[in-house]
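Below you'll find the structure, written out as C-alpha cells, and then a few comments.
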Amino acid sequence: MRGKEEIKKTIEEGKAVLGIEFGSTRIKAVLIDEDKSPIASGSYDWENQLVDNIWTYSMEKIQNGLQGCYQDLVKDVEAKYNVKLTKFAALGVSAMMHGYLAFDENDELLVPFRTWRNNITEQATDVLTPLFGQQIPQRWSIAHLYQAILNGEEHVKDVRYITTLAGYIHWKLTGKKVLGNGDAAGMFPVDSEKKDYNQEMVEKFDKLVEPYGFPWKLRDIMPEVMVAGQDAGTLTEEGAKFLDPTGKLKAGIPMCPPEGDAGTGMVATNSVKQRTGNVSAGTSVFAM
C-alpha cells in the first residue's frame with residue numbers, strides 16, 4: 001500500500017492516469033496511480049430524456065455531465081491530497097455503446113442523440129440482418145442510419161460524420177475522429193482479423209443505398225477504427241477547456257482510443273483472453 005505522500009507526489013508529477021466512463025445513469029471518473037490502484041474518483045448523476053418519442057441526452061447535458069464529473073474528481077483529490085490537478089500521464093474515455101450521433105459539414109448535430117435505448121429500427125434490421133448474414137441489433141448505429149434513410153429523413157443527405165458517445169467526447173477532447181475496435185463493433189460489423197469494418201459489408205451497404213444518391217460513402221462518415229495501444233491523439237487546448245473550464249488542466253495529455261462499456265467491463269473483470277468471458281448486469285444484461 002503506497003503512502004499518502006507518495007501518491008501526492010505521483011499526482012503532482014503528472015504520473016497518474018485518468019479514466020472517464022459515461023454510464024446510462026452516472027458518469028464516473030477514476031484516477032489511478034503507477035501501480036494501477038484507484039486513488040481518487042468523481043461522479044455525476046444523470047438521466048436520459050424521452051423527447052418526441054426518442055430517448056436522448058442533450059449536448060448540454062453531456063458537456064455539463066463531463067465537467068461536473070471532472071470537478072467532483074478535482075474536489076476529491078484536493079480533499080485527500082491537497083493537490084490541484086493540472087496534468088496526467090494518460091487519459092481515456094469510454095461510454096455506453098451504440099446509438100446515433102450525426103453531424104454535418106460544420107460539425108453541427110443534425111438530430112438529437114439517439115441512444116442505445118431506442119428500439120425504433122426494426123424495419124432497418126429486417127433488411128440489414130439478411131444482407132450482412134449476421135444479426136444486426138436495433139441499437140447499432142448502422143441500423144439507426146438506415147432506418148433514417150427508410151423514414152425519408154431530410155437530414156441524411158447532410159450527414160458527414162456519425163459516431164458513438166465515447167467517439168464524440170474523444171473528438172471534442174482531441175479533434176480526432178477515431179473509435180476503439182470494441183465500440184466500433186457496435187456501430188457496424190468489424191472484421192476481427194483485420195481489426196477494421198468488414199469491407200464486404202461496407203460495399204453491400206453502399207450498393208443498397210446507392211439509388212438514394214447521397215453525396216457520401218459509408219467509410220467517409222464513420223470513425224477510423226483503432227485498437228488498444230495505438231496513439232489516438234492528445235488533449236488539445238480546446239479539449240482541456242471542454243473538460244476543465246477553470247483552465248487549470250494543461251493540454252498535451254496522450255489519449256487512448258475511446259471505447260464502449262462492453263470492452264471496459266471485459267478489462268475490469270480480466271476477461272480479455274480467448275476462452276474467458278464475463279456477464280454484465282446493468283441497464284441491460286449481456287454476456288461476452
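Taking the alpha-carbon distance from Lys176 and a cut-off under 26 Å, which lysines remain once sequence neighbours fewer than 8 residues away in the same chain are dropped?
Answer for Lys176, where 26 Å is the Cα cut-off: Lys15, Lys28, Lys61, Lys87, Lys157, Lys194, Lys195, Lys217, Lys241, Lys248, Lys250, listed by chain and number.
Can you classify segment 142-236 as rounded, prolate or oblate using the Cα gyration tensor, where a ≥ b ≥ c are the square roots of its eigenvalues, rounded means a/c under 1.5, and otherwise it's prolate if a/b beats b/c and oblate if not? All intermediate terms of the calculation are to be shown ahead of the outcome.
Values: a/c = 2.39, a/b = 1.47, b/c = 1.63.
Oblate.
How much length is gained on full extension from Lys248 to Glu60, taking 0.36 nm per residue of separation minus their Cα-Cα distance? Can you show the working numbers first?
On the way: separation 188, 0.36 × 188 = 67.68 nm, distance 2.16 nm.
Extending this stretch completely gives an extra 65.5 nm.
Could you report segment 150-288's accessible area per residue, 1.4 Å probe, as an integer in Å²?
Values: 7240 Å² over 139 residues.
Ligands and nucleic acids excluded, the result is 52 Å² per residue.
Tell me which label goes with the value of Cα extents along the principal axes in Å computed from the coordinates here: [x] 64, 43, 32; [y] 58, 40, 38; [z] 88, 51, 36.
Working out Cα extents along the principal axes in Å from the coordinates points to [x].
Looking only at Gln71, Gln134, Gln123, which one moves most when the chain is put into a Gaussian network model with springs between Cα atoms under 10 Å?
Gln134
Between Ser37 and Leu109, what is the label-to-label distance in nm when each label sits 7 Å out along the Cα-to-Cβ direction?
4.0 nm
Round to the nearest 10 and report in Å² the accessible area of Lys80, as given by a 1.4 Å probe over the protein chains' heavy atoms.
The accessible area comes out at roughly 90 Å².
Subtracting the Cα-Cα distance from 0.36 nm times the residue separation, let me have the gained length for Glu238 to Lys217 in nm, one decimal. Display every interim value, and only then the final one.
Details: separation 21, 0.36 × 21 = 7.56 nm, distance 2.95 nm.
Stretched fully, the Glu238-Lys217 segment lengthens by 4.6 nm.
Could you work out the longest stretch of the chain that avoids the GluC sites (Glu not before Pro) located in DSSP loops with at most 12 other Cβ atoms within 10 Å? Don't skip to the answer; put the middle values down first.
Details: sites that count: Glu13, Glu47, Glu105, Glu108, Glu193.
That would be 194-288.
Given a 1.4 angstrom probe, I'd like the percentage of the accessible area of the chain that is carbon and sulfur, rounded to a whole number. Before the final figure, lay out the partial values.
On the way: 6750 of 14200 Å².
Carbon and sulfur: 48 percent of the exposed surface of the chain.
Can you classify segment 37-86 as rounded, prolate or oblate using the Cα gyration tensor, where a ≥ b ≥ c are the square roots of its eigenvalues, rounded means a/c under 1.5, and otherwise it's prolate if a/b beats b/c and oblate if not? Could the numbers behind the result be given before it?
On the way: a/c = 4.61, a/b = 3.08, b/c = 1.50.
Because a/c hits 1.5 or more and a/b exceeds b/c, segment 37-86 counts as prolate.
Just how large is the dipole of segment 34-97 about the Cα centre, in debye to the nearest 20, putting +1 at every Lys and Arg Cβ and -1 at every Asp and Glu Cβ? Please list the in-between numbers first.
Details: 6 positive and 9 negative charges, 55 e Å.
With Lys and Arg at +1 and Asp and Glu at -1, about 260 debye.
Please name which of Ile149, Leu249, Gln230 has its Cα lying farthest along the dipole of segment 133-288 towards the positive end, using unit charges on Cβ (Lys, Arg +1; Asp, Glu -1) and the Cα centre as origin.
Leu249
Once phi is turned into ³J(HN,Hα) by the Karplus curve 6.51 cos²θ - 1.76 cosθ + 1.60 with θ = phi - 60°, what whole-Hz value does each residue of segment 172-186 show in order, with x for glycine and proline?
These are the phi-based 3J(HN,Hα) values: 5, 7, 10, x, 9, 9, 10, 8, x, 3, x, 5, 4, 5, x Hz.
Quick one: if you stick a label point 7 Å off each Cα along the C-beta vector at Lys204 and Thr276, how many nm between them?
Using points 7 Å along Cα→Cβ, the separation is 3.3 nm.
Looking at the chain as a GNM with Cα springs under 10 Å, which of Asn64, Asn118, Asn53 has the largest mean-square fluctuation?
Of the options given, Asn53 has the highest mean-square fluctuation.
Between Glu224 and Lys4, take the C-beta separation as r, use R0 = 45 Å, and let me know the FRET efficiency to the nearest 0.05.
Details: r = 42 Å, r/R0 = 0.92.
Given R0 = 45 Å and the Cβ-Cβ separation, E is 0.60.
Quick check on the chain: helices-only [θ] at 222 nm, where DSSP H runs of length 4 and up contribute -39,500 (n - 2.57) each and the sum goes over total residues. Nearest 500, please. Write down the numbers at each step before the final one.
Numbers: 10 runs with 97 residues, N = 288.
Calculated from helices alone, the mean residue ellipticity at 222 nm is -10000 deg cm²/dmol.
The values are calculated or read from the model by the stated rules, or taken from the named source; none is laboratory data. Here the structure is a predicted model, which is why all the values come from computation and not from measurement. Ideal geometry is used to build each Cβ from the backbone, glycine not excepted, and the neighbour counts take in all protein chains shown. These area figures cover heavy atoms from the full protein model, side chains too; ligands, DNA and RNA do not enter into them. Shrake-Rupley method; radii C 1.70, N 1.55, O 1.52, S 1.80 Å.
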